[in-house]
Amino acid sequence: MGELLRLVLVIAAIWFLVYRPRRSGPHGQVSRNSSRSQSCPSVPMLRCARCGVYVPQDEAVTDQGRNFCSREHAALGQRQ
């Protein structure tokens with residue numbers, strides 16, 4: 001009975017090593033070539049001069065060379 005259990009464990013270990021998911025890179029990290037990272041291009045982030053919140057560059061409001069997260073903060077930033 002003990003030999004049968006040992007045989008089943010050896011077969012399970014071999015199956016796990018051969019058919020395990022190959023998505024993780026070295027040290028168990030997800031590889032950078034995953035489909036999610038390829039479908040989402042990175043967008044530069046800009047810091048609001050008024051509150052410090054980071055917003056995507058295409059959503060930022062630029063006024064007099066300073067970046068803001070909204071038109072309201074751009075208007076408030078002019079008063080400083």
### Query
Is there any pair with a first residue in the range 1-21 that is part of a helix (DSSP H, G or I) and a second that is surrounded by 10 or more Cβ atoms within 10 Å (Cβ to Cβ) and charged (D, E, K, R) whose Cβ atoms are under 7 Å apart and which are 6 or more apart or on different chains, and what are they?
none
#### Entry: Subset of the range 49-79 (residues that are touching a helix residue (DSSP H, G or I) at 6+ places or on another chain (Cβ under 7 Å) and not charged (D, E, K, R))
49, 51, 61, 68
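Readers should treat all values here as calculations from the given coordinates under stated rules, not as data from a laboratory. Predicted model only: the values in this text are computed from it and were never measured. Virtual Cβ from ideal backbone geometry, glycine too; neighbours counted across all protein chains shown.
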